């Protein structure tokens, strides 16, 4: 079957781009994106791929500030003419699944999440915007929700990243989704049994990641050290109000992040994520995880074997979990923790994904 791959944008290499990379290795096909950054994809698997972009690529500052063109995304994705292809595979967390297809084509969507800022995180997102921008955002997201549901008509099959996301797809889209966990580069991480006396969190500093909650918890634990790695719009505000025992390193390259993950006493994760790659990466280093017990992390962390859960997004609940972890710390074996996440490797993903696509093609 002649195949096309659809993805929202190639302007950074994050978790979804790693999935697209694995899919491209199985199906080396043309890739359609709203916008791409040619410099960023140099020396990646996408450098020599046929990558087609939308009209947004030509708009001012689109490579860096494409988010400002959010209201145009649905229109832009619909302009791709995919009529020559038999199989469409969309890699979607926003609008990629909205490409227009016909009755003779098979459209399979690997869905990372229904649009979070339009659905689950709508009210949190709106609270972060002030003045007339808030009114414009509300109108734009209202339109996006309507379009999002309308675009479902073009998707024949959903595959998704976790049972948690499958539940959200069922709730919002009223569609069943097969679960195939995304690939994580667990092979790039080495285990270390020598831990140092600090806690670690690695994240983009945005509201829903709840870095503020983690920092506030350590305000009440002055003798314990927290290191925060990551950048984002909330960094300045949170850093400016942080206690002396919390250290902010900002953005750090992979090799440095890996070293901190190997040495950390435990990795702390307070967000609700559909999957959550960083807790898996920490476990690949043999580092236990202290996590908020909702979302995809319940499928990657094993209670009292590879981590500890807290069940309320509050500093007190996190403090209690840290105290519980320290009481049980000797139960956590780095070798066992690392072994628990080996199942999330890329080869497993590629095998399961190809098998799923083949079954669908045979059925059709």
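Bear in mind these aren't lab numbers, they're just calculated from the coordinates by the rules spelled out. Not measured: the values here are computed from a predicted model. All Cβ positions, even for glycine, are placed from backbone atoms using ideal geometry, and neighbour counts span all protein chains on display.
Compactness ratio of the chain: Cα Rg over 2.2 N^0.38 Å, N = residue count?
On the way: Rg = 20.9 Å, N = 364, 2.2 N^0.38 = 20.7 Å.
With N residues counted in the chain, Rg over 2.2 N^0.38 Å equals 1.01.
Rounded to the nearest 10 degrees, what's the angle between the helix 346-363 long axis and the longest principal axis of the chain, both from Cα atoms, 0 to 90?
Tilt relative to the chain: about 30 degrees.
Given R₀ = 30 Å, what would the calculated FRET efficiency be for residue 190 paired with residue 314, taking r from the Cβ atoms and rounding to 0.05?
On the way: r = 35 Å, r/R0 = 1.15.
Efficiency for this residue pair is about 0.30.
Run lengths n ≥ 4 of DSSP H only: what is the helix-derived mean residue ellipticity at 222 nm for the chain, with -39500 (n - 2.57) per run over all residues, to the nearest 500?
On the way: 13 runs with 130 residues, N = 364.
Value at 222 nm, helices only, nearest 500: -10500 deg cm²/dmol.
What would the Debye equation give as log₁₀ I(q)/I(0) for region 186-344 at q = 0.18 Å⁻¹, counting only Cα atoms as equal point scatterers?
For region 186-344 at q = 0.18 Å⁻¹, log10 I(q)/I(0) is -1.07.
Working out 0.36 nm times the residue gap between residue 328 and residue 302, then minus their Cα-Cα distance, what length gain in nm do you get to one decimal?
On the way: separation 26, 0.36 × 26 = 9.36 nm, distance 1.38 nm.
Length gained, residue 328 through residue 302: 8.0 nm.
Hey, what did region 186-344 get for relative contact order, percent, Cα under 8 Å, at least 6 apart? Before the final figure, lay out each step's value.
Numbers: 322 pairs, mean separation 40.3, N = 159.
Once divided by the residue count of region 186-344, the mean separation gives 25 percent.
With a cut-off of 8 Å between alpha carbons and a minimum separation of six or more residues, what is the relative contact order of the chain in percent?
Values: 680 pairs, mean separation 48.9, N = 364.
Result for the chain is 13 percent.
At 7 Å along the Cα-to-beta-carbon direction for both residue 220 and residue 48, put a label point, then send me their distance in nm to one decimal.
Spacing of the two 7 Å Cα→Cβ label points: 5.7 nm.
Would you mind checking the tilt of helix 254-263 against the longest principal axis of the Cα atoms of the chain, expressed as 0 to 90 degrees and rounded to 10?
Around 40 degrees separate the two axes.
Based on the Cβ-Cβ distance of residue 104 and residue 13, what FRET efficiency does E = 1/(1 + (r/R0)^6) give at R0 = 22 Å, to the nearest 0.05?
Working: r = 34 Å, r/R0 = 1.55.
Efficiency at R0 = 22 Å is approximately 0.05.
Would you mind putting 73-80, 278-285, 235-242 in packing order, based on average other-beta-carbon counts within 10 Å, highest first? It would help to have the intermediate numbers written out before the result.
Details: 73-80: 18.8, 278-285: 26.5, 235-242: 14.0.
Those peptides, ordered most packed to least, come out 278-285, 73-80, 235-242.
Tell me the angle of helix 132-150 to the major Cα principal axis of the chain, expressed in degrees between 0 and 90 and rounded to the nearest ten.
Its long axis makes an angle of about 60 degrees.
Determine the distance separating the Cα centre of region 84-148 from the Cα centre of region 24-75; give it in Å without decimals.
A separation of 17 Å, based on Cα centres.
Assign one of three labels to region 30-98, namely rounded, prolate or oblate, based on the Cα gyration tensor with a ≥ b ≥ c the square roots of its eigenvalues; rounded applies when a/c is under 1.5, prolate when it is not and a/b is larger than b/c, and oblate otherwise. It would help to have the intermediate numbers written out before the result.
Numbers: a/c = 1.84, a/b = 1.06, b/c = 1.75.
Because a/c hits 1.5 or more and a/b fails to exceed b/c, region 30-98 counts as oblate.
If neighbour count is taken as other Cβ atoms inside 10 Å, put 269, 55 in order from fewest to most. Don't skip to the end; give the middle numbers.
Numbers: 269 27, 55 14.
Sorted ascending by nearby Cβ count, the order is 55, 269.
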